[in-house]
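Following: one structure in structure tokens, then a few remarks.
Read-outs: derived from the displayed coordinates by stated rules, not from any lab. Keep in mind the model is a prediction, meaning the values are calculated, not measured. FYI the Cβ positions are ideal-geometry reconstructions off the backbone, even for glycines, and counts take in every protein chain you see.
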Amino acid sequence: MPSSSLRHLTSQDATRLLGLIDRFDRHTVAVVGDLLADEFIYGRVARVSREAPVLILEYDKSQVVPGGAGNAANNVAALGGATRAAGVVGDDESGTKLVEALPENVDRRFILRARGGHTPTKTRILAGGIHSAKQQVVRIDRHPRARVDDQTRAAFQRKALSAIKGCDGILVSDYGAGLITPALVAEIKRTAAARRQTPVPILVDSRYDLHRYRGLTACTPNESEVESLLGVHIDDNARVLEKSGRALLARTGMDIVLVTRGSRGMALFERDRPTHHLAIFGSDEIADVTGAGDTVIATMTLALAAGGTALEAARLANYAGGLVVMKRGTATVSGAELRQAVLSDVREGGRR
């Protein structure tokens with residue numbers, strides 16, 4: 001099938017995209033999924049330890065921010081959309097800090113506090129000098145060992161189905177904690193269809209089980225996830241990329257597949273339509289990719305909820321992705337930043 005490489009915007013394209021951004025605050029997105037605590041511990045390099053060949057860091061500060069579905073909800077809120085977060089956290093310190101770190105415009109009523117539960121936590125230790133940027137030196141992942149019990153799972157399902165009521169878009173975030181299942185997502189799809197006359201876009205981000213989710217609106221896997229799922233190696237091979245995107249459309253039965261490719265940009269696949277290749281926005285000098293996938297799918301969901309086409313939503317997601325990787329840590333992109341990116345791109349196009 002023919003494909004096209006998209007560069008700079010036309011003025012007409014820009015007007016459409018700016019109109020979508022202006023409508024973000026009129027739409028509500030439910031983010032359903034695995035809530036993770038992203039903990040950052042910052043320190044200054046003092047010396048090398050005499051006990052072992054390791055650095056000794058003088059503690060500076062620590063911070064807990066929402067990760068996983070929490071980061072996706074954060075991004076929808078930063079873009080201006082009304083946001084509902086549905087997930088499960090433990091009744092531990094990490095869970096408390098995660099919920100407290102969510103912005104005020106994220107509705108937290110659908111977050112379940114599991115008694116005796118432990119919140120999945122990713123601790124990143126960053127080190128650097130006084131006048132240098134902090135670099136990540138090690139990451140410690142703490143995942144609950146116990147599986148989600150039936151009582152918690154049932155209570156969460158009730159929360160999730162309540163959260164999607166009246167929403168204009170649904171984002172499902174599956175980080176492999178066992179809470180999100182194809183059966184639950186199928187029930188979300190049935191419930192959403194029964195409550196709305198017009199279809200509600202449902203997007204899924206699944207790190208390990210994307211092939212198990214079928215018949216939704218869109219997915220946004222990165223290139224390495226596609227390679228792992230299909231057993232291929234893409235790299236710069238346009239033919240393999242095309243075949244992979246089409247295979248994923250067929251296997252998942254989704255309307256849209258947006259493959260994120262890091263410094264190579266993105267590739268947008270739709271059934272019975274040509275493939276569109278989007279060059280990376282901004283610099284390819286990437287600072288940090290932490291949580292960038294959450295930013296991409298959050299922008300894509302909100303843009304589709306606001307009435308954008310797949311290509312328009314992908315373009316906005318591409319801008320957002322290009323902006324967020326220039327920020328360190330688990331970051332977000334604001335509606336104002338996204339608007340400025342559109343205006344910058346159309347100005348660049350006018351100079352060619």
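Hey, with R₀ at 22 Å, roughly what FRET efficiency would residue 272 and residue 198 work out to, going by the Cβ-Cβ distance, to 0.05? Before the final figure, lay out the partial values.
Values: r = 21 Å, r/R0 = 0.97.
Calculated value: 0.55.
So how do 266, 326, 300, 254 line up by other beta-carbon neighbours within 10 Å, fewest first? Before the final figure, lay out each step's value.
Working: 266 26, 326 14, 300 31, 254 23.
Neighbour counts put them in this order, fewest first: 326, 254, 266, 300.
With labels modelled as points extended 7 Å from the Cα through the Cβ direction, what inter-label distance (nm, one decimal) is found for residue 93 paired with residue 62?
Once both label points are built, they end up 0.5 nm from each other.
Under a GNM of the chain (C-alpha, springs under 10 Å), which listed residue has the highest mean-square fluctuation: 214, 23, 50?
Highest fluctuation among the options: 50.
I'd like the antiparallel share, as a percent to the nearest 5, of DSSP beta bridges with both residues in the chain.
Details: 28 of 66 bridges.
Once the DSSP bridges in the chain are tallied, antiparallel ones form about 40 percent.
Going by Cα centres, region 125-154 and region 60-98 are how many Å apart?
Cα centres, region 125-154 to region 60-98: 13 Å.
Principal axis extents for the chain, Cα atoms only, whole Å, descending order, please.
Result for the chain: principal-axis Cα extents of 61, 51, 40 Å.
When the Cα centres of region 161-203 and region 14-28 are compared, how far apart do they sit, in Å?
Region 161-203 and region 14-28 have Cα centres separated by 23 Å.
In a GNM of the chain with a 10 Å cut-off on Cα contacts, which of 193, 163, 298 has the highest mean-square fluctuation?
193
Which of 97/134; 97/165; 243/327 have a Cα-Cα distance over 31 Å? Could you put the intermediate results ahead of the total?
Details: 97/134 23 Å; 97/165 27 Å; 243/327 33 Å.
Correct reply: 243/327.
Identify which of 118, 143, 27 has the largest mean-square fluctuation in a Gaussian network model of the chain, with springs joining Cα atoms closer than 10 Å.
Maximum fluctuation in the GNM of the chain, among the listed residues, is at 143.
Quickly work out the residue 22-to-residue 279 label distance, labels modelled 7 Å from Cα along the C-beta direction, and quote it in nm with one decimal.
2.9 nm
For residue 186 paired with residue 228, estimate the spin-label separation in nm (one decimal), with each label point 7 Å from Cα along the Cα-to-Cβ line.
Using points 7 Å along Cα→Cβ, the separation is 2.5 nm.
What are the radius of gyration and Dmax of region 1-130, computed over its Cα atoms and given in Å?
Final numbers for Rg and Dmax: 20.6, 64 Å.
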